[in-house]
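A.B. asks: Once you've had a glance at the structure underneath, I'll fire off some questions.
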Amino acid sequence: MPSRIRQYALLLFASIFVIVELSSAGQKAAAAVKEGDDGQFITWSFEGTPMGLYLPDQTAGEPLPIVMFLHGCHNDPVIQYHWIITALNEIEPCAVFLPTAPETENTPYSCADWGGTYDSQLRPQMINALAELDRLIELHGFDTKRQYIYGESMGGEGVFRLIMDFPERFAGAVSAAGYTLDTGAAQMTKTPLWIAVGTDDLDVVGSSRAIYNSIVNAGGSAVEYTEYQGLGHVAGIEQARGEPQILQWLLSQNRSTAIIKKTVCRDNSFGTAPRFSFIDGSLRIFSSFPAGTIISLFNLNGQLLLETDKQCGALKLPAGASGRTIVWKASNAMHTVTGSTSLHNSH
């Protein structure tokens, strides 16, 4: 998006710290993350790009929520005292995953770009971030019902893309000054979303208003929208950082199941539930759904495993799926029905 180059470039000079005053009334015991604290900050490289994970000190108890933060253009977030680590952990103990995107090659400007709704498919850097998020959840036992995403600028564009492609995975999302096409609103209704933007952020505010209205018109009841009067791109991002109610709202969201919006169809015209048979690594599907029905399979983290319009036949599942329980969804223009099945060999 060349017309937004200047605004994104300004983020190079924007501070990635913010001083916030968050009320602790009614919240779990927590404290600001500052130098000398005992929380762990782990760094590593994945596919040549830096990654970071903050783990607060925690006694045995409930699994930690995890927030994935998508940075803006030129912002390298792999630092222990990042503003969002501090702000989240002043509310409650929270793990924070900080992936990075490499600079996009062969473009008229140098920028770390996560991609967005204007792309035909997910960019490799976003796929890498999701793969690492899945690995971290499995490794550390994070709460799969409390996975969140927060993105700024280019990262906000990535947030829109993720909740369009994975509408039933994240418990909540925040997009601060993220551009988007007015598309995918029906999918976005399924994830609680907060959009924040400055009224003088001329390349972004129009798209923010459009997608907000489209989500509401599509039946979305869990979308929040804030405009900051007279603020441009960078100032709007920084204002959102200092709004404690945004992060408090985010952490209050909880996805009770991997798929929260289930429209269970009782109409016999939609056919009976599909039957699955798992044999020697291949999944065999037998169903009687109408033509045009899409069958989607997810793991219990809400990650899409595969999608097909086959009514019958054998499909190859990703490695590691054997022996696990999966969630299936069958949908067409009229109906949606969901269920679950276990992938154990049938013989």
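A.B. asks: If only one of G178, G172, G156 is crowded, with 24+ Cβ neighbours inside 10 Å and farther than 17 Å from V204 by Cβ, which one is it?
C.D. replies: Criteria check complete, one pass: G172.
A.B. asks: In the set A186, A176, A171, which member is farther than 17 Å from T49 by Cα and over 15 Å from the mean Cα position of the chain (by Cα)?
C.D. replies: The unique qualifying residue is A186.
A.B. asks: Next up: Within region 220-236, can one find any residue that is in the same structural domain as M154 (by TED's automatic domain parsing) and buried (at least 24 other Cβ atoms within 10 Å of the Cβ)?
C.D. replies: Yes: one or more hits.
A.B. asks: Somewhere in region 75-86, is a residue touching a Leu at 6+ places or on another chain (Cβ under 9 Å), touching a residue at least 40 places away in the same chain (Cβ under 8 Å), part of a loop (DSSP other than H, G, I, E, B) and under 28 Å from L305 (Cβ atoms)?
C.D. replies: No, the conditions are met nowhere in region 75-86.
A.B. asks: Looking only at region 45-61, which residues are modelled with pLDDT under 90 and assigned to a loop (DSSP other than H, G, I, E, B)?
C.D. replies: Those that are modelled with pLDDT under 90 and assigned to a loop (DSSP other than H, G, I, E, B): E47, G48, D57, Q58, T59, A60, G61.
A.B. asks: For N213, all conditions in the list (1) modelled with pLDDT under 95; (2) buried (at least 21 other Cβ atoms within 10 Å of the Cβ); (3) over 22 Å from L304 (Cβ atoms) hold save one; what is the number of the exception?
C.D. replies: (2)
A.B. asks: Under 9 Å between Cβ atoms, which residue pairs at least 6 apart in sequence (or on different chains) link something in region 48-60 that is among the hydrophobic types (A, V, I, L, M, F, W, C) with a partner that is at pLDDT below 90?
C.D. replies: The qualifying pairs are M51/V78; L55/G39.
A.B. asks: Could you check how many residues of region 220-242 are closer than 24 Å to K190 by Cα, in contact (Cβ under 8 Å) with a residue 40 or more places away in the chain and assigned to a loop (DSSP other than H, G, I, E, B)?
C.D. replies: Selection size over region 220-242: 0.
A.B. asks: Please determine, by comparing only the residues of region 93-141 that are of a type in the set (F, W, Y) and in a loop (DSSP other than H, G, I, E, B), which one is modelled with the highest pLDDT.
C.D. replies: Looking at residues that are of a type in the set (F, W, Y) and in a loop (DSSP other than H, G, I, E, B), I get Y118.
The values are calculated or read from the model by the stated rules, or taken from the named source; none is laboratory data. This one's a predicted model, so the numbers in the text were calculated from it and none came from an experiment. Every residue, glycine among them, receives a Cβ derived from its backbone with ideal geometry; neighbour counts consider all protein chains shown.
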